[in-house]
Amino acid sequence: MAADSVGNALTQRVVSSSGGGLTRPLISGTRHAVSAGHPLASQAAFRILEAGGNAVDAGAAAGMVLAVVQSDVVNFAGVAPMLVYSAKTGSVHEIAGLGYWPRAIPPDYFTKHHNGEVPHGLLRTVIPAAPDAWITALSEFGTMTFSEVSEEAIRIAREGFVMYPMMSNIISAFAAEYARWPSNTEIYLPNGHPPKPGDLFVQRDLAKTIQYMVDEEKAAGGTRIQGLQAARDAFYKGDIAKAILKYHRENGGLLTAADLEGYRTPIGDPVCAAFEGHKLYTPQPWCQGPALIEILRIAQELQLSAHPHNSVAYVHCLIEAIKAAFDDRHRYFGDPSHVQVPLSELLSTTHARKRADAIDTTRATAPKYAAGADSVALDTSYVCVVDRHGNSISATPSDVSMDTPVIPGTGICPSSRGSQSWADPTHVSGVAPGKRPRLTPSPALAIFDDGRVMPFGTPGGDVQLQAMAQVFLNITAFGMNPQEAVDAPRFATYDFPDSFEPHASLPGRLTAESDIGEETTSALKSMGHDAVPWPVHTWRAGAVCLIQHDPRRGVCLAAADPRRPSYAMAR
């Protein structure tokens, strides 16, 4: 089935099964709050908070549960970029949670051997980062053990959970991809068929993998930190590593023991920029995150807030700002340890003014990139937590299980995030040994001028920043409460090289949820946009989750997106 047919069919199935345009209530509390991509993840985080754990403990618990209940789009051995806010110090820390290309890969490997493509399978594997990222977060900022925060993930994997429509539909749409490897087939096509909604979905091998890390932690004795190190070693040096490396040796993979043993996720300072008195934090440009700041800077120069919400002028100008920022993303963003990214210039008011001046406010910009087939970017979930002390975590764990083999006996797919590199070694995000792909998962955190703290994020590939920019503007420019901001109709452009292999573009394409209005869509077409309607509250428009914490009032407001099975809780 063609990718665009899969996307359209999957969209229709998901929308029809999720109730269309229903909205969620705004959740409020005075103690703590969580919003995550699945109810069981939110419940796991909430239990940790109720037991006295902090935001990082709860975020790790939710992230591991997401790797069970959304293992089609989040892998336990995938990526887990996150931002951590300390209420005591007022500081924000970045935990990258993204692996490197194996040291054995030559930069021109794919141009020489695979016709300039990064193929599905083991060869797109980068070092799995998520286990180290969660353990690093727990070591540096948490209070609990690996055993405590992984308990729910192990239980749900071992006992199973009730399959729900969206995951069932995704597995069904990609059944042929899952069927390429017996180990994937065994889990995701039990009895030769995709699981149906209502079926019990069990992942015993994944439960054993996480339990082994718990067992090694307990056997180590000593301090909490020593136990966490033992859990980490179980993955990167112990039996899990041995299983991964054996499969790579026997099937043409490139990961080595040195790659796994030597991996440590960096902890550092995120990008921070002022925006109309607010501070906005994103990861560094190994990730697409800073483009969110550039989008908002250009929008500010275009005086976007002067237009009525989701009017023709508003949609046009914001789409053009996104296209301009994504052009810079394509030309400049890459792993800062390998390439020089002129970030200060790109995020400056001067550059935003230059970009804004080049935009015709009455006509769509002519497409720059060659056309390609429509694709369905299936990746990612999200979780944010605020604890009783005001600490926050914003995390976007990810990685799919349909484009690379499950390591037999483990239930995990080591990160296939190499799909977001370019095979061309001359590209700023081209493949190179020890280099990171340019990641789409992009957690963010805002600190408003009145002191409110807001972690926020979404799944959605290249739609992530587009959805996040719209929600942020809904709050800051139009005064919407968090749930109103999340529920509001969305739009997106695909007029740029997609972040996923094969990096195709859809010249001029603008998609808009149909409740934006047919008159608005028609007007955008007359301005030169290839405007195509989406269903109301389509999953393709992202699934933004957020929490606003007001430390002066001691109140948390939490929102969860109706477009996917997101869920918010607070007390």
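The values are calculated or read from the model by the stated rules, or taken from the named source; none is laboratory data. Keep in mind that what you see is a predicted model, and the values were worked out from it rather than measured. Cβ coordinates were reconstructed from backbone atoms using ideal geometry, including for glycine residues, and neighbour counts include every protein chain displayed. Quick note on the areas: whole protein, heavy atoms, side chains included, nothing else; ligands and nucleic acids left out. Shrake-Rupley method; radii C 1.70, N 1.55, O 1.52, S 1.80 Å.
Tabulated data for the structure shown
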{"read-out": "Long-range tail of P(r) for the range 245-398 (Cα pairs > 22 Å, %)", "value": "58"}
{"read-out": "With all protein chains modelled, accessible area of HIS351 [1.4 Å, Å²]", "value": "30"}
{"read-out": "Per residue Cα convex hull volume in Å³ - calculated over the range 511-561", "value": "107"}
{"read-out": "q = 0.18 Å⁻¹, the range 127-193: log10 I(q)/I(0) [Debye, one scatterer per Cα]", "value": "-0.88"}
{"read-out": "Solvent exposure of the range 308-373 as accessible area per residue, Å², 1.4 Å probe", "value": "47"}
{"read-out": "For the range 451-555, alpha-carbon Rg relative to the globular expectation (2.2 N^0.38 Å, N residues)", "value": "1.20"}
{"read-out": "Given charges at Cβ of Lys, Arg, Asp, Glu: the range 167-318 dipole, positive-most of ALA313, ASN251, ILE240", "value": "ILE240"}
{"read-out": "Equivalent ellipsoid dimensions for the chain as semi-axes, Å, which come from the Cα gyration tensor, largest first", "value": "33, 27, 23"}
{"read-out": "Förster radius 30 Å - calculated FRET efficiency between GLU276 and ALA358, Cβ distance, rounded to 0.05", "value": "0.85"}
{"read-out": "Normalised convex hull volume, the range 331-436, alpha-carbon set, Å³ per residue", "value": "238"}
{"read-out": "Residues TYR369 and ALA313, FRET efficiency given R0 of 22 Å [Cβ-Cβ distance, rounded to 0.05]", "value": "0.30"}
{"read-out": "Protein accessible area in the range 291-351, 1.4 Å probe - carbon and sulfur %", "value": "47"}
{"read-out": "For the range 268-283, 3J(HN,Hα) per residue [Karplus equation, 6.51 cos²θ - 1.76 cosθ + 1.60, θ = phi - 60°, Hz, x = Gly/Pro]", "value": "x, 8, x, 6, 10, 9, 7, 9, 6, x, 9, 10, 10, 10, 9, x"}
{"read-out": "The range 34-63 and the range 329-352: distance between their alpha carbon centers, rounded to Å", "value": "35"}
{"read-out": "Carbon + sulfur, % of accessible area of the range 419-569 - ligands and nucleic acids excluded, 1.4 Å", "value": "51"}
{"read-out": "The range 482-496 - phi-based ³J(HN,Hα) in whole Hz, Karplus 6.51/-1.76/1.60, Gly and Pro as x", "value": "x, 6, 4, 5, 6, 6, 4, x, 10, 8, 7, 10, 10, 8, 5"}
{"read-out": "Exposure ranking of ASP495, ASP515 by accessible area [1.4 Å probe, largest first]", "value": "ASP515, ASP495"}
{"read-out": "HIS307, HIS537, reordered so the largest accessible area comes first (probe 1.4 Å)", "value": "HIS307, HIS537"}
{"read-out": "Estimated vicinal HN-Hα couplings, Hz - the range 186-201 in sequence order (Karplus 6.51, -1.76, 1.60; Gly, Pro = x)", "value": "4, 8, 9, 10, x, 6, x, 9, x, x, 9, x, x, 5, 7, 10"}
{"read-out": "Alpha-carbon spread of the range 20-142, three principal axes, descending order, Å", "value": "58, 42, 22"}
{"read-out": "Label-point separation in nm, HIS120 to LYS237, each point 7 Å along Cα→Cβ", "value": "3.7"}
{"read-out": "Accessible solvent surface per residue of the range 385-444, calculated while the other protein chains remain in place, 1.4 angstrom probe, Å²", "value": "15"}
{"read-out": "Carbon + sulfur, % of accessible area of the range 130-229 - ligands and nucleic acids excluded, 1.4 Å", "value": "51"}
{"read-out": "For the range 412-449 and the range 178-253, distance of Cα centres in Å", "value": "23"}
{"read-out": "In Å², nearest 10: area of LYS323 left accessible to a 1.4 Å probe", "value": "20"}
{"read-out": "Accessible area, probe 1.4 Å, largest first, for residues HIS316, HIS338, HIS193", "value": "HIS193, HIS338, HIS316"}
{"read-out": "Accessible surface, the range 79-140, averaged per residue in Å² (probe 1.4 Å)", "value": "34"}
{"read-out": "Two-site label geometry, ARG264 and GLU484: point separation in nm, points 7 Å out along Cα→Cβ", "value": "4.8"}
{"read-out": "Size descriptor, Kirkwood hydrodynamic radius, that averages inverse alpha-carbon separations across the range 188-335, Å", "value": "20.5"}
{"read-out": "Under 5 Å, built H, 5+ apart or other chain: amide partners of SER28", "value": "ALA558"}
{"read-out": "Mean ellipticity per residue at 222 nm, deg cm²/dmol - from DSSP H runs of n ≥ 4 across the chain, formula -39500 (n - 2.57)", "value": "-11500 deg cm²/dmol"}
{"read-out": "Only Lys, Arg (+1) and Asp, Glu (-1) charged, at Cβ; the chain dipole about Cα centre in debye", "value": "520"}
